[in-house]
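In what follows, a structure is listed as structure tokens, so that the remarks can point back to it.
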């Protein structure tokens, strides 16, 4: 059988440079262990640390690749007392009101069942499934700030050791637990709380290490919780009929019914900022889609909201602002479930709000937050994309046939850049229902003059003979190396793997997540099922239109799927080109408090 | 055969214009057409079977050339040729044995009878048995001389019996037998669904989850039969772009009360981890056990292999093709119109772009078929039962003869 693929020359278009790969422990350590310092100094130390830790964009010349720099493992730090300072641990409290996590009620029960307050707090803690700041969370923030003040006073007591882990969750849960405790008890608790914060640098004891696991998400088959969430919802959602049994743990609502209702309420929804409202509507209608696009739109809306924000009297800025942001987020969730990139961005923002030094005035705080948002967008998305493109361009040679699936912003940038550089290649765009995102990409590429072939996902076995490389985008990459991306990506990667074609996934590092997932059913997003019925352009396919109410018929419109890591040859991020097994390393080493900018 | 030519021409046109599509319809109509060809055929005096076979080959050549992708046409043509051969051999063996018994009583045929003792009755009977079985090493070496001797003796016997008028009855008998056998073939084509569906109960039990792609009538009947027997199962039907026949199948299943979920083709990998069995139909089964199936099937087969889900192909025996698939993705495939994928109106502005040498920048690929290699198939269920892919070549040897692979007229002079 003759190969339809052109024979590969040994060198291709670009000479492969000898480059260092793998873990290179830098001699200049990326974060000097800072001594125990008050919060303000810690905040100053962090930008310095982060600038060393974030990808060295400056020395990126085309052709030379920087090795992935992994900082030395954390337990080397425990010799230096209190290096990520107590303020950092206090800031982690903000981290954990993450957008899609159940609060630590479960693990509190598991770990400290003897505290009587837990039972009471459970009820209150179980309410904030929809990300409104609950009493528990507000209390937690309050305690954090009180503790931060106390810690600043007790700098000298840095020698104490006990085993609080420096991970975000355990510190939070311990704080939360101790904060709840100190609600009933008194200031003496605060002292011990402060003392316990010193232990963040210590090696974590076994039981606290378990809390490193991410919180489980809200499960929608728990009727009790769903009812509670509904009561607090802004948008009235009606559940879709014909729900698929397998996905009862995910929300499935009738689409299209909310849009007119929300539009009419545009000027009445007092608590909602208009730009956030607008972004929500854009999500609902599908105008803004794609991980980066949605994240940037949301952050810009938040920037506007912060600009217009003014602290109500007698309220603390960071606490109130965090509560407001949480309410915005819950509104956005009701419009469309958050993507993982958005979740990480929200976590970052809350982190920054919580770490605002208390000495700042309101306008200074607001402008600091706005500049933080700008910096996040710039560093984590815009510059990261540029870095990814410069890495990936080395993988595009002359006479390549590149296959891509759906429409990924990063992959489009790579193809544009390669075309500008004058490489000769052609692109195969694979598309699928129901979103048909590939058509937009196809149009844009053809307009730029790139030679394109268009096909649908069923034909990938036919077309894969011609392909030399597959470039895919991702919504997120999970800690077990699984690529969480548009539904159909897994099939493309599988067929490419069967034909022995390298699969390169391009994803910014801010989209990585510490969750793990084995298949596409545990966590997913269900789209509008009625779209399955309607096939555009084929009016005669109305077979199922009248059957929509039949109880035997179910329609399933998945949005994402999970690609196993063995199908992926390489992941291109702003930290370099990694194998899928390195993702948890990036998540762990580059995501901790001192490196989140 | 002037009477039959218009029929043949009409069918060839239908095939060329793709007016008739689908293995079942095509196979049935081909068989009926060939039956008319046989019945209209004027039997000559000598070498009747060969002449009949040649006529069939002539017609078959035209039919196959009209739509080479529709393998069912070729299958039926080759089946008919095999039938002719079989019927001829069985009637000849009976005739010769009858001759050798009656020869001693008639002194006039001493000269001819001298030829016969060279072929003893036992050898003749053995040869008849072998000829009806698949070719083996034993018969390969004996085959050619004996068969020609047989045919010569058959024709000579025919000649010598001409006076008694047996020749016309003999030729009538051959034609009659062939037409009867083709009728059986047509029945077989029609009843294949029933025979396959009977096996459904063996494979589908309780609380099964089945995945299928597109629509196959065989699969539909298979699932109906399981539903009749009150087995509980759910079905995931993948749409099967760009024809979206999955919607039709889903509607039919829902009307029968089967719990059906319609999914998009892109979601197959996501859902297959929760599936017990994949049951699909085929367009054709090739000699190596490979399957020509509607596009997208290879993706499903790979996903099933990854998740260790059995991949079951149900197909009637008229889909068995004796050809070996060389580069099937290209040679046994058909590219249909891009309008199924891209709306011409919407993309009309993109059609204007082109490179310097005028080749268009935008190409659309819309293949109809997909090839699934035999290693991805767990089981074939045909009307003869369940088989593994490595066994299919034996089935094919039963239905077809080796020298019919290339259907081409052999004799330059047309007899009758």
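Just so you know, all these numbers are worked out from the coordinates, no wet-lab data involved. Quick caveat: nothing in here was measured; it's all calculated off a predicted structure. Neighbour counts run over all protein chains shown; Cβ positions are idealised from the backbone, glycine included.
Tell me, what is the FRET efficiency for residue B:184 and residue B:308 to the nearest 0.05, using R0 = 41 angstrom and their Cβ-Cβ distance as r?
Approximately 0.50, to the nearest 0.05.
Provide A:341, B:169, B:317 in ascending order of the number of other Cβ atoms located within 10 Å of each residue's Cβ, fewest first.
By the 10 Å Cβ count, ascending, the order reads B:169, B:317, A:341.
For region A:447-546, take the convex hull of the Cα atoms, compute a quarter of its surface area, and give me that in nm², please.
Averaged projected hull area, Cα only: 9.6 nm².
According to the square roots a ≥ b ≥ c of the eigenvalues of the Cα gyration tensor, what is the shape class of region B:3-102, taking rounded for a/c under 1.5, prolate for a/b larger than b/c otherwise, and oblate for the remainder?
prolate
Over region B:266-416, consider all pairs of different Cα atoms and compute the Kirkwood hydrodynamic radius from their mean reciprocal separation; express it in Å, one decimal.
18.2 Å
As an exercise, find the ratio Rg/Rh for region A:408-454 from alpha-carbon atoms, using the Kirkwood inverse-distance average for Rh.
Rg/Rh: 0.97.
Relative contact order for region A:270-381: what is it in percent, counting Cα pairs under 8 Å that are at least 6 residues apart?
Contact order relative to length: 36 percent.
Mean projection of the alpha-carbon convex hull of region A:270-381 over all orientations, in nm²?
Here the figure is 6.6 nm², rounded to one decimal.
Using every Cα-Cα pair within region A:341-494, state what percent have a distance larger than 24 Å.
It works out to 45 percent of all Cα pairs.
Quick one: give the max-minus-min coordinate of the C-alpha atoms of region B:309-349 along each principal axis, largest first, in Å.
Rounded to whole Å, the extents work out to 47, 27, 21 Å.
Using the basic label-point model (7 angstrom from Cα toward the beta carbon), what is the residue A:480 to residue B:13 distance in nanometres?
6.2 nm
In Å and on Cα atoms, what radius of gyration and Dmax does region A:313-359 show?
According to the Cα coordinates of region A:313-359, Rg and Dmax are 12.1, 37 Å.
Two decimals, Cα atoms only, Kirkwood Rh: what is Rg/Rh over region B:171-290?
1.11
At 7 Å along Cα-to-Cβ for each site, give me the label-to-label distance between residue A:311 and residue B:387 in nm.
Going by the 7 Å Cα→Cβ label model, 8.3 nm.
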